[in-house]
Amino acid sequence: MHCVPQKKHLYAPAYLVLALALTFLHVHLVNAQDCNGNGILDVCDIDCSAFSVCDQPGCGMSQDCNGNGIPDECDPLIAFSDERTISTSCDEAFSVFSADLDGDGDADVVSASLRDDKIAWFENTDGLGSFGAEQIITTAADGANSVFVADLDGDGDADVLSASLWDDTIAWYENTDGLGSFGSQRVITNIADGAIDVFAADLDGDQDNDVISASREDDTIAWYENMDGLGTFGTSHVISTNADYVLAIHIADLDGDNDNDIISASAVDGVIGWFENLDGLGTFGNRQIINPGGAGGTTTVYAADLDGDGDMDVLSSSGSINGIILWYENIDGEGNFNSIQAIASNIDGLWSVIAEDLDNDNDVDVLYADKRRDRIAWFENVDGLASFGPEQVISSSAEGAVAVFTADPDGDGDIDVFSASSRSDKIAWYENMTNDCNANTIPDECEPDADDDGIPDDCDLPCGSLQLGDVDGSGTVNLADVGTFATAVLDPTSLTGDPLCAADINQDDNVNGADIQDFVNLVLAP
């Protein structure tokens with residue numbers, strides 16, 4: 001099929017005819033694609049062709065609602081920005097975490113770097129993902145390998161935990177003012193031989209955060225009780241010493257009894273196992289094998305509900321030469337696993353894997369860091385039942401990518417991605433540019449947007465930042481809103497954006513007499 005440009009001249013020099021013919025052939029070879037499989041080349045299947053000549057009648061069949069030259073059904077709705085560097089001063093960056101450290105309601109970033117023994121944090125200065133200079137928490141974590149954030153002293157702010165490989169130490173750092181000022185290192189233990197991972201959760205049911213560690217040289221998983229809820233930690237409670245070269249732990253309720261169990265990944269024996277919290281008080285049973293072993297070089301373990309059945313499944317990565325991402329179905333919600341399914345294989349430098357809903361369709365996708373190929377990539381859970389689509393690369397320039405994390409640093413309601421890259425000493429993030437907030441395959445800019453705030457009505461709060469009835473933006477619905485509301489009823493063009501939406505009490509996309517009684521009710525009983 002061809003889209004023929006309109007003739008401008010009946011006669012033309014031979015060289016010009018030849019040049020036009022070659023150009024025409026080149027463009028058609030380049031654009032000879034049919035992304036939606038409807039038998040019409042993409043270059044013909046939009047409103048205007050690559051020649052800026054309107055399609056001949058009957059040529060174009062698809063719509064292009066946003067005018068970007070891509071048929072709507074082929075328009076990429078899920079994409080990530082290029083790498084946005086937060087820091088390049090983390091010598092062999094090895095771990096990244098995101099949490100609100102300064103109490104301003106946005107997501108800051110914490111890092112651990114191996115070679116400079118450093119735990120540091122970076123303030124999200126505007127709530128939009130602009131990060132400030134490095135703020136050092138400590139340089140005393142010898143071989144800082146893992147970082148975690150939790151409220152350890154019960155004061156409502158975010159404290160920081162570290163595991164450091166070469167001094168065998170698990171330690172924490174108090175957020176002394178809730179604004180990101182951190183105290184000196186507080187050692188929980190210094191005998192975790194080869195401390196490699198750290199986690200915080202309530203293991204004994206007393207509503208405070210205890211600490212769990214994994215140490216690879218002594219094959220040990222242990223926990224430390226928060227004795228008073230104020231960050232005073234007891235001696236080690238050893239859970240296991242037979243997780244051969246344990247590299248990772250994760251905490252989840254695998255058996256549905258409302259307490260926290262522990263999952264581990266150990267590299268030498270290739271075992272993914274879990275330990276049941278038998279009484280909800282931190283008494284743990286023997287290791288129960290999730291996989292049969294022999295996976296080789298298991299590096300990470302993670303728990304999430306991958307198949308949407310309401311229980312926690314398990315996800316693992318193996319960093320061997322044939323690196324593989326596997327998931328294990330929790331078949332009864334009680335921690336019985338007998339189904340092993342591969343999501344991807346032959347990922348040569350697979351280092352870590354986590355699960356998160358990246359495309360806003362209410363199921364859990366999978367993303368990973370690949371150290372050898374410098375790659376951050378993800379797999380879409382296409383049906384919510386753990387059928388995964390092809391690899392989608394977020395970045396191939398994360399040099400020595402060893403860690404990946406997710407949060408919403410720009411406050412736009414979708415999930416963005418962070419990475420730690422060991423060879424480039426870099427902490428970076430990638431903005432989720434997903435253009436389909438309600439996952440209905442229609443680009444957001446083509447959806448109804450009554451308040452013209454750039455967010456489709458289906459995804460918008462009732463009035464963005466304003467509640468219904470608060471037409472003057474004072475933060476409360478009261479008599480002060482009456483005059484503004486009355487003006488809006490008489491002349492709806494007097495308000496725009498959020499105030500207009502706030503005046504549309506019944507949310508029928510019109511401000512009129514039908515809203516009056518609802519408005520009166522809100523004023524009388526806001």
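Probe radius 1.4 Å, ligands and nucleic acids ignored: give me the carbon and sulfur share of the accessible area of the range 442-524 as a rounded percent. Within the range 442-524, the accessible surface is 57 percent carbon and sulfur.
Using R0 = 30 Å, the C-beta based FRET efficiency linking Ser387 and Thr441 works out to 0.95. Under the rule a/c < 1.5 gives rounded, and otherwise a/b versus b/c splits prolate from oblate, where does the range 261-374 land using the Cα gyration tensor? Oblate shape, in that a/c is at least 1.5 and b/c is the bigger or equal ratio.
Which whole-angstrom value gives the distance between the alpha carbon centres of the range 121-156 and the range 337-402? About 26 Å separates the Cα centre of the range 121-156 from the one of the range 337-402.
Computed over protein heavy atoms with a 1.4 Å probe, the accessible surface of the range 354-457 works out to 36 Å² per residue. Grouping the Cα pair distances of the range 93-161 into 5 Å bins from zero gives a pair-distance distribution of 4, 19, 27, 24, 17, 8, 1 percent in increasing distance order. What a 1.4 Å probe finds exposed on the range 308-377 is 41% carbon and sulfur by accessible area, rounded to a whole percent.
On the basis of the beta-carbon distance and an R0 of 30 Å, Asp509 and Asp82 show a calculated FRET efficiency of 0.20. Using the Cβ-Cβ distance between Asp257 and Asn322 with R0 set to 25 Å, the FRET efficiency from 1/(1 + (r/R0)^6) comes to roughly 0.10.
A simple spin-label model places pseudo-atoms 7 Å from Cα toward Cβ; at Arg186 and Asn286 they are separated by 3.7 nm.
Stokes-Einstein, applied to the Kirkwood radius of the range 191-240 over Cα pairs at a viscosity of 1.567 mPa s and 4 °C, places its translational diffusion at 118 µm² s⁻¹.
This model, with +1 at the C-beta of Lys and Arg and -1 at the C-beta of Asp and Glu, gives the range 365-466 a dipole about its Cα centre of some 1200 debye.
Using the Cα coordinates of the range 455-515, the gyration tensor eigenvalues translate into equivalent-ellipsoid semi-axes of 17, 14, 9 Å, sorted from longest to shortest. A protection proxy built from the mean count of other Cβ atoms within 10 Å ranks the segments 172-182, 400-410, 472-482, most packed first, as 400-410, 172-182, 472-482.
Applying 0.36 nm per residue to the separation of Asp142 and Gln517 and subtracting their alpha-carbon distance, the gain on full extension is 128.4 nm. A crude spin-label estimate for the pair Ile340 and Thr496, with each label 7 Å from Cα along the Cβ direction, gives 6.2 nm.
Peptides 230-241, 91-102, 425-436, ordered by how many other C-beta atoms sit within 10 Å of their residues on average, highest first, read 91-102, 425-436, 230-241. Packing here is the average count of other Cβ atoms within 10 Å per residue, and on that basis the peptides 488-499, 149-160, 274-285, highest first, run 149-160, 274-285, 488-499.
The values are calculated or read from the model by the stated rules, or taken from the named source; none is laboratory data. Just so it is clear, the structure is predicted and the values come from calculations on it, not from any experiment. Cβ sites come from the backbone with ideal geometry, for glycine too, and all protein chains shown count toward neighbours. Surface areas here come from the heavy atoms of the whole protein model, side chains and all, with no ligands, DNA or RNA. Shrake-Rupley method; radii C 1.70, N 1.55, O 1.52, S 1.80 Å.
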